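Asks: Quick one: structure below, then a few questions.
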Amino acid sequence: MKLLEGKTALITGASRGIGKAIAEKFASEGANLILTDLFYDDNARALVEELSATGVKVKMYASDASKFDQAQAVVEEAAKEFGQIHILVNNAGITRDTLLMRMTEDQWDMVINVNLKSVFNLTKAVQSLMLKQRYGSIINMSSVVGVSGNAGQANYSASKAGIVGFTKSVARELGSRNIRCNAIAPGFILTEMTDKLPEDVRKEWAEKIPLKRGGTPDEVAKVALFLASDLSSYVSGQVIQVCGAMLT
Ligand code: NAD
C-alpha cells in the first residue's frame with residue numbers, strides 16, 4: 001500500500017518549485033490533491049494533467065493564500081469536492097530582499113502577509129475539518145534563516161521565525177485531537193526563487209554548505225512525505241532542517 005493512499009492533501013503555491021515537487025511526491029504515494037497558486041496558468045495546467053495521469057484526483061484553484069477570505073473560500077469549495085482534507089502544506093512564499101535601511105513598509109507587509117499570515121489563514125480554514133476527522137498533518141515551510149537570521153532578509157527571516165512559533169503553538173493546541181503540526185526549514189534549494197540570485201552569490205552559498213551543493217526540491221519533498229504520512233505519527237511540533245548541514 002502506498003504511504004498516502006486514501007488521503008487528501010492541500011498544498012499552497014504548488015505550481016512550481018518546492019510546492020510542485022511535493023505535489024508530485026504525494027501523487028506518487030497515492031494522495032488526492034487540492035493545489036493552489038496565485039494564477040491558474042500554463043504551468044499549473046500542465047501539472048494538473050501530469051498528476052491526473054498518475055490516477056489520483058487533482059484540482060487546482062487560483063487563490064491568494066495571503067487573503068483570509070480567499071483561504072476560507074478555497075477550503076470550502078475543495079471540501080465540497082473532496083470531502084476530507086487530511087494534510088495541509090503551507091508552502092506559498094516570496095522574498096523581497098533588501099537591507100533594513102532600504103526596506104519599505106510595503107516590502108515588509110507583503111512578505112509577512114504572504115509567508116506568515118497565509119499560514120494562519122489556511123490553518124484556520126482547515127481546522128474544523130481536521131478536528132471533526134480527529135486526524136491531520138500540517139506542514140509549514142519555514143527556512144533556516146528563520147532560525148539563524150540573515151542580513152538583507154529581515155522581513156523574510158521574521159516571517160519564517162514566526163512560522164516556527166505558530167507551528168509549535170498549533171502542535172500543542174491541537175495535539176489532543178490527533179492533529180500534528182511540523183515545520184520544514186530548507187537551506188539553499190535550487191528553484192526559481194534562488195535562481196534570481198547572482199551567479200557569484202549562488203556559488204558562495206554552495207561553497208559554505210558542508211554537502212557542497214544546493215538541495216533539490218525533491219529532497220525537500222521527501223521530508224514533506226515523511227511528515228505527511230504515518231511514518232511520522234509521533235512527530236509533532238518539530239522543525240526539520242533540510243540544508244546539507246548548512247546550519248547545525
Ligand atoms: P518559488 O518562488 O519557486 O515558488 C513559490 C510558489 O508560491 C510560486 O508558484 C508562487 O506563484 C506561489 N505564491 C506566491 N505567492 C502566493 C500567494 N500569495 N498565494 C498562493 N501562492 C503564492 O519558491 P520555492 O523556492 O519553491 O519556495 C517554496 C517555499 O519554500 C517558500 O515558502 C519559500 O520561502 C521556502 N523556502 C525556499 C528556499 C529555497 O532555497 N528555494 C529555502 C527556504 C525556504
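What follows is calculated from the coordinates using simple rules that are stated; it is not laboratory data. The shown structure was predicted, so the numbers you read here are calculated from the model rather than taken from an experiment. Reconstructed Cβ throughout: ideal geometry from the backbone, glycine too, with neighbour counts over all protein chains shown.
Asks: Give me the helices (runs of 4 or more DSSP H) completely within region 103-212, filtered to those with at least 3 residues that are within 18 Å of residue 66 (Cβ to Cβ) and either within 9 Å of the ligand (Cβ to nearest atom) or more than 16 Å from the chain's Cα centre (by Cα) (or both), ordered by residue number.
Replies: It comes to 105-111, 154-174.
Asks: Tell me which of these residue 98 doesn't satisfy, since it passes every other one: (1) in a helix (DSSP H, G or I); (2) more than 18 Å from residue 15 (Cβ to Cβ); (3) of a type in the set (Val, Ile, Thr).
Replies: Here residue 98 meets the rest and fails (1).
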